[in-house]
1. For the range 68-80: of the residues being open to solvent by 40 Å² or more (accessible area, probe 1.4 Å) and more than 10 Å from Tyr39 (Cβ to Cβ), which is nearest to the chain's Cα centre (by Cα)?
2. Restricting attention to the range 134-147, report how many residues are outside any loop (DSSP other than H, G, I, E, B), open to solvent by less than 100 Å² (accessible area, probe 1.4 Å) and without any contact (Cβ under 8 Å) to a residue 60 or more places away in the chain.
3. Asn31 passes all but one of (1) modelled with pLDDT under 85; (2) polar (S, T, N, Q); (3) under 22 Å from Glu110 (Cβ atoms); which number fails?
4. Does Ala87 fit the bill of being within 15 Å of the chain's Cα centre (by Cα) and assigned to a helix (DSSP H, G or I)?
Amino acid sequence: SCPEARMKFANSGGIGYLSRHLRNGTKGTKNSATVQQLYELCFCVWALTYECSSSATIRAAFARDNAVNSLVDLVSSAPREKVVRVALSALRSLAVCTADVAPSAAGRKEVTGSTFLHEMIGCGLIKYVDQMKERQWTDPDIVEDLD
């Protein structure tokens, strides 16, 4: 099933892999990813955010692997609307995730949407959102996520 596959992917370091490629893809070097590759990588990250509320392991992987930083970098570079839309949707999903399931190990700090919101603020997302609100977007999902 999809949740099971997502869990296996996350447990094998998949979120870190995607985050690294998103970071490397936006650096503007000769090895930079194409817009389509960034979209596909971001889409995979977004799909994994659907498991955040039900999995402490996946929430911890997102926090450990700097996924928020990668997504904010992607939003700030704004290569194309479709990439920005998926990155903002992933950030929104992370921001609203809850801890429906208890953390896997006692004593560990619980990772929730609040954790991710703090990271987003630390990465300067508010400034980028304010700048993006000034642009004319054709995609209504972007406008909704910015509000």
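1. Applying the filter and picking the extreme gives Asn69.
2. 4
3. Here Asn31 meets the rest and fails (3).
4. Taking the combined requirement at face value, the residue satisfies it.
So that you can scan it fast, the table gives a plain yes or no per residue for (1) open to solvent by 60 Å² or more (accessible area, probe 1.4 Å); (2) part of a helix (DSSP H, G or I); (3) among the charged types (D, E, K, R):
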| residue | (1), (2), (3) |
| --- | --- |
| Ala10 | no, yes, no |
| Leu18 | no, yes, no |
| Ala33 | no, no, no |
| Phe43 | yes, yes, no |
| Trp46 | yes, yes, no |
| Thr49 | no, yes, no |
| Ser53 | no, no, no |
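This table checks each residue for (1) modelled with pLDDT of 90 or more; (2) touching a Gly at 6+ places or on another chain (Cβ under 9 Å); (3) open to solvent by 30 Å² or more (accessible area, probe 1.4 Å).
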| residue | (1), (2), (3) |
| --- | --- |
| Phe62 | yes, no, no |
| Thr98 | no, yes, yes |
| Gly107 | no, no, yes |
| Phe116 | yes, no, no |
| Ile126 | yes, no, yes |
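The values are calculated or read from the model by the stated rules, or taken from the named source; none is laboratory data. Because the structure is predicted, anything quoted here is derived from the model rather than measured. Cβ coordinates were reconstructed from backbone atoms using ideal geometry, including for glycine residues, and neighbour counts include every protein chain displayed. Surface accessibility is based on the protein's heavy atoms, side chains included, excluding ligands, DNA and RNA. Shrake-Rupley method; radii C 1.70, N 1.55, O 1.52, S 1.80 Å.
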